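Trainee: Could you have a look at this structure, given as structure tokens, before my questions?
Please treat every number below as a calculation from the coordinates, not as lab data. Everything numeric here is computed off the predicted structure, so don't read it as measured data. With ideal geometry, Cβ positions are generated from the backbone for all residues, glycine too; neighbour counts draw on all protein chains shown.
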Amino acid sequence: MQMDWKNWRHVTKLDPDKHLDQAIVDEVATSGTDAILLSGTLNVTRENLAELREQVQGYGVPLVVEPADPSGAVFDGVDMLFVPSVLNTPDARWVVGKHQQWFLNDPAIPWEKVVPEAYIVLNPASSVGRVTRAVCDLSPAEVAAYAGCAERYFHFPIVYIEYSGTYGDPAIVRAVSETVEDAVLYYGGGINSAERAAEMGQYADTIVIGNAVYEKGVDTLKATVKAVQ
Ligand SMILES: CC(C)=CCC/C(C)=C/CC/C(C)=C/CC/C(C)=C/COP(=O)(O)OP(=O)(O)O
Ligand SMILES: O=P(O)(O)OC[C@@H](O)CO
Ligand SMILES: [Mg+2]
């Protein structure tokens, strides 16, 4: 079942490897965010993913799992799966290798629930940057070329500019927004204020807030929702 995910402006990314009290989860789920992404690079297990899913269920907010590995491709209790392919990595495992293994080993993937994401990872210090050894020192034009290729050649429905853990260069996100037409442009990384949400929300169709929920709290999250809704 694919809901109207293409119209989401604000998505909150919760890490199964980090705990939130139910009272906080309740405020996140009722913050006005358009969807909750259950996602992390390190230490995501079936148990902590199930625990987080239990916490966020029942609010009527769309739930999406974003796996870092085929073992994390768990559909039960969620609406959709957003699956990354990292384009700016020298290691083909993160582009298509893991995906081929997933297809090989899982005979019943509900493809109608799967949305592929063309990830361009631009923070070498993030877990995803380290794990994928992404090539991050790229000019706006070089990043935009990955994005244009993702849309025009590979036909990815989402292009995701990923600065996870640090605030990115608006000039790069603007260059990508001027290149991408039909794919939905996601931006995530270091958004911890209404100002930053508004700035990247000028260029990205959808902004993703993760660390700020844990580091600055739900009032900040709500300010980022108001800035783009
Ligand atoms: C084929 C299937 C089903 C899965 C593989 C999917 C791939 C190739 C994932 C590679 C990119 C990746 C590891 C994504 C995980 C989600 C993500 C980008 C998490 C970002 O959070 P962190 O990088 O952990 O942030 P911190 O550095 O703050 O922990
Ligand atoms: O945690 P932050 O820096 O908000 O980044 C959000 C998301 O892009 C991480 O995958
Ligand atoms: Mg992490």
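Trainee: Mean separation of Cα pairs under 8 Å and 6+ residues apart, divided by the residue count of region 63-153: what relative contact order is that in percent?
Mentor: Relative contact order for region 63-153 comes out at 27 percent.
Trainee: Another one. Suppose every Lys and Arg Cβ carries +1 and every Asp and Glu Cβ carries -1, with no other charges. What dipole size does the chain come out with about its Cα centre, to the nearest 20 debye?
Mentor: With Lys and Arg at +1 and Asp and Glu at -1, about 240 debye.
Trainee: For Gln101 and Glu51, what does the FRET efficiency come to when R0 = 25 Å and r is the distance between their Cβ atoms, rounded to the nearest 0.05?
Mentor: 0.45
Trainee: As a test of the definition: which semi-axes, in Å, follow for region 28-77 when you take the square root of five times each eigenvalue of its alpha carbon gyration tensor? Largest first, please.
Mentor: Largest first, region 28-77 gives 20, 11, 9 Å.
Trainee: Which residue, Glu162, Glu195, Glu151, tops the fluctuation ranking in a GNM of the chain built on C-alpha contacts under 10 Å?
Mentor: Looking only at Glu162, Glu195, Glu151, the biggest GNM fluctuation is shown by Glu195.
Trainee: Please compute, for the alpha-carbon atoms of region 7-227, the extent along each of the three principal axes and give them in descending order in Å.
Mentor: Projected onto its principal axes, the Cα set of region 7-227 covers 45, 44, 30 Å.
Trainee: How big is the gap, in Å, between the Cα center of region 184-216 and the Cα center of region 19-43?
Mentor: Result: 15 Å between the Cα centres.
Trainee: What percentages, rounded to whole numbers, describe P(r) for region 1-124 computed over all alpha carbon pairs with 5 Å bin width beginning at zero?
Mentor: Percent of pairs per bin, in order: 2, 10, 21, 23, 21, 14, 7, 2, 0.
Trainee: So if R0 is 22 Å, what FRET efficiency would Arg152 and Val114 give, r being the distance between their Cβ atoms, rounded to the nearest 0.05?
Mentor: It comes out at approximately 0.55.
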